[in-house]
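Working notes for the structure below.
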Amino acid sequence: MGTHVNIQISETAPTSADTVGAVWFKASTNVWSKCTVLAPLTWEALPASSGDMTKAVYDPNADGKIAETELALNYATHSNTLDHNGGTQDTAISGKEPANINIQAHVISAHAPSNAQKNSDILKSEIEAVLTGQISSHTHAGGGSLPTPVNLTLFAGVALKAWTNMPAAETDLFGIANLYYSKVDLTNATQSRIVVRIAVAPVVNAKIKVKYSTDGSTWYDLCSVTMPATANNTNVGVWTNIPAGAKADVFIKVVGIDGNGTADPSFGLITLQVK
């Protein structure tokens with residue numbers, strides 16, 4: 001049951017009131033008054049702009065009291081798009097998030113440009129077009145390059161092999177043309193050296209070289225080692241910078257030079273080391 005307001009309806013001012021705030025209605029003039037002081041009893045007319053009673057029946061229970069649910073006030077000077085029982089405003093804010101400074105900051109912050117592509121629309125060719133060259137600052141855990149240096153076997157005999165009458169002129173290993181060839185990709189290499197194991201020594205200062213070629217016809221020096229006239233020796237050449245022309249997938253071969261045409265050096269193992 002709603003809250004009740006004491007209302008007296010008469011043509012003359014009531015002589016008593018239950019409480020301050022009691023209401024008196026004079027029907028002939030349609031004037032509402034309220035009690036402002038109990039002693040002495042004082043009635044104060046309500047201004048017309050404060051509201052006009054529009055309900056035809058003022059006392060539906062005939063008990064001198066009018067339930068608030070039976071009253072409807074119409075204020076000509078007042079408007080409100082939201083009704084006063086809260087229904088409209090509850091609907092208006094339903095599902096809305098409370099104010100949040102982080103959300104507001106995001107709303108006004110810069111976003112992707114209008115011509116930005118979705119990840120699913122980016123082509124592999126577009127990525128490759130901008131990602132070029134080596135990334136020196138990037139590594140993978142557990143990864144890395146091949147062991148340094150890399151050993152490439154150019155000759156390894158089951159038994160020692162002698163080079164009979166090793167000549168002074170530059171000649172393919174053991175005087176056999178087009179046999180001790182190989183191919184290696186030196187694109188990312190920076191230096192190389194040759195390691196030669198001998199049993200029978202050649203003439204002093206005889207050399208073993210590794211040469212490279214891009215076409216198998218024209219050959220250039222890659223690295224070399226000078227051998228002393230000492231038997232049972234491992235001869236290690238110095239690290240030599242890889243020539244620019246050799247930084248490719250090239251042919252390589254072993255040659256000898258500066259023999260005396262008489263000494264017969266024997267070889268056990270010839271390797272090329274690259275780093």
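Descriptive notes on the structure:
- Region 150-274: C-alpha gyration tensor shape, a/c 1.5 cut-off, then a/b vs b/c: prolate
- Computed label-point distance, nm, for sites N260 and N151 using a 7 Å Cα→Cβ extension: 3.2
- The lysines whose alpha-carbon is closer than 26 Å to the alpha-carbon of K253, local same-chain residues fewer than 8 away aside, are K161, K183, K207, K209, K211, K275.
- Full-stretch length increase - A162, A110 - with 0.36 nm per residue and alpha-carbon distance subtracted: 10.9 nm
- You can think of it this way: the chain between I176 and L131 has 11.5 nm of extra reach, that is 0.36 nm per residue less the Cα-Cα gap.
- Size of electric dipole in region 150-274: Cβ of Lys, Arg +1 and of Asp, Glu -1, about Cα centre, debye, nearest 20: 220
- Contact order, relative form, for region 150-274: 46 percent (alpha carbon pairs under 8 Å, 6 or more residues apart, mean separation divided by residue count).
- Efficiency of FRET between T42 and A99 - r from beta-carbon atoms, R0 51 angstrom, step 0.05: 0.60
FYI, it's all coordinate maths here, none of it is from the lab. Source: prediction; values computed, not measured. Every residue, glycine as well, gets a Cβ built from its backbone with ideal geometry; the counts of neighbours run over all protein chains shown.
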